[in-house]
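The values are calculated or read from the model by the stated rules, or taken from the named source; none is laboratory data. Values in this document were obtained by computation on a predicted structure and should not be read as measured data. Backbone-built Cβ (ideal geometry, glycine too); neighbour counts: all protein chains shown. Side chains are part of the model used for accessible areas, which takes the heavy atoms of the whole protein and leaves out ligands, DNA and RNA. Shrake-Rupley method; radii C 1.70, N 1.55, O 1.52, S 1.80 Å.
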Amino acid sequence: KLMSENWQQAAKELSELKINELTRSSIQETIYDLAMYYDTRGQRLLPDSYTWSNSRSADGDLVYLGSLGARGVSGYWWLPGYRDGIVGVSLSRRL
């Protein structure tokens, strides 16, 4: 119900869930991880898919990143109620 009435509040609450803060990377961490993996292994992670981060845009949207190609990584906004088969989760752990 919150997603249809106040998506910005829903996005805020989702991004601030403890499980998301613990397991999902920020956009900065995701870009770093993708770049370092490519630099050390010569392989592009997420070439045809995206991962939802725990970050929000300046407008309050959720942010997802991926589609790493020769021109870099793509990032887009994402509303909490949207679904798409190419957006998933790349989990990370912070100790």
Rounded to the nearest 0.05, FRET efficiency between LYS18 and SER57 (Cβ-Cβ, R0 25 Å) equals 0.70
Vicinal HN-Hα couplings computed from phi for the range 29-38 (Karplus, 6.51 cos²θ - 1.76 cosθ + 1.60; Hz; Gly/Pro x): 5, 5, 4, 4, 4, 4, 5, 5, 5, 5
Please compute the per residue accessible area over the range 6-62 with all protein chains in place, 1.4 Å probe, rounded to a whole number of Å². 62 Å²
Surrounding charge for GLU16, neighbours by C-beta under 14 angstrom, Lys/Arg +1, Asp/Glu -1, total +2
